[in-house]
Amino acid sequence: MRKLILSAILFIGMGTMAFAQQTDQKRERKTPEEKAQRLTDVLDKKLSLTADQKTKIYAINLEGIKEQKGKHVKGQKPDRSLMKAEFDKRDGQINAVLNDSQRKSYQDWKTEKMNSMKNGKKDGKKL
C-alpha cells in the first residue's frame, strides 16, 4: 500500500514537471512592433497622449527596440553601458515630445518602475 501511494505521488510529480517544461517552450517572442505598441499604449494610458504624440512616441520606441535588437548577439549578455546610452537617447527623444505636465508624470512613472525592478517585481507582480 505504501509503495502504491509513493508511486502515485511520483507519477503525479513527474507529470506536473513535464507540463511546466512544455509551457515554457511554447512562449512566443514578441516582435519589435508589438513591443513598441505595448510600451506606447502604457505611456498613452499613463500620460494621456494626443494622437500626434502617440505616433511620434511609437516611432521612437520602434526605432530604439530595433536598434537594440540589431546590436544584441545571441548567446551573449548585452552590454549594460550601451543599453543605458540607448535608453537615455530614447528617453530624451520622448521627453522632447511631451509637455511639462506629461514630463512630470513620465518621470514619476520611470521612478516607480525602477523601484519595482529593484524590489524584484515585474509589472507590479512578485517574480
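Could you run through segment 75-127 and say how many residues are touching a helix residue (DSSP H, G or I) at 6+ places or on another chain (Cβ under 9 Å), at pLDDT below 85 and of a type in the set (A, V, I, L, M, F, W, C)?
2
Restricting to segment 93-108, name every residue that is in a helix (DSSP H, G or I) and open to solvent by 40 Å² or more (accessible area, probe 1.4 Å).
Residues satisfying the conditions are Gln93, Ala96, Asp100, Ser101, Arg103, Lys104, Ser105, Gln107, Asp108.
Hey, can you tell me all the residues within segment 37-59 that are assigned to a loop (DSSP other than H, G, I, E, B) and in contact (Cβ under 8 Å) with a residue 24 or more places away in the chain?
Of everything in segment 37-59, those that are assigned to a loop (DSSP other than H, G, I, E, B) and in contact (Cβ under 8 Å) with a residue 24 or more places away in the chain turn out to be Ser48, Leu49.
Out of all the residues in segment 68-81, which are part of a helix (DSSP H, G or I) and loosely packed, with under 13 Cβ neighbours inside 10 Å?
Within segment 68-81, Lys69, Gly70, Lys71, Arg80, Ser81 qualify.
What pairs come out if I take residues in segment 80-105 that are over 12 Å from Asn61 (Cβ atoms) and pair them with residues that are open to solvent by less than 70 Å² (accessible area, probe 1.4 Å) and assigned to a loop (DSSP other than H, G, I, E, B) whose C-beta lies under 9 Å away, six or more apart or interchain?
The qualifying pairs are Leu98/Leu49; Gln102/Leu49; Ser105/Leu98.
Of (1) within 18 Å of the chain's Cα centre (by Cα); (2) surrounded by fewer than 14 Cβ atoms within 10 Å (Cβ to Cβ); (3) small (Gly, Ala, Ser), Gly64 satisfies all except one. Which?
The single condition Gly64 does not satisfy is (2).
Just wondering, is there one or more residues in segment 14-33 that are at pLDDT below 75 and on the phi > 0 side of the Ramachandran plot?
Looking through segment 14-33, none of the residues is at pLDDT below 75 and on the phi > 0 side of the Ramachandran plot.
The values are calculated or read from the model by the stated rules, or taken from the named source; none is laboratory data. Because the structure is a prediction, the values reported are computed rather than measured. FYI the Cβ positions are ideal-geometry reconstructions off the backbone, even for glycines, and counts take in every protein chain you see. SASA here: full protein model, heavy atoms, side chains in, ligands and nucleic acids out. Shrake-Rupley method; radii C 1.70, N 1.55, O 1.52, S 1.80 Å.
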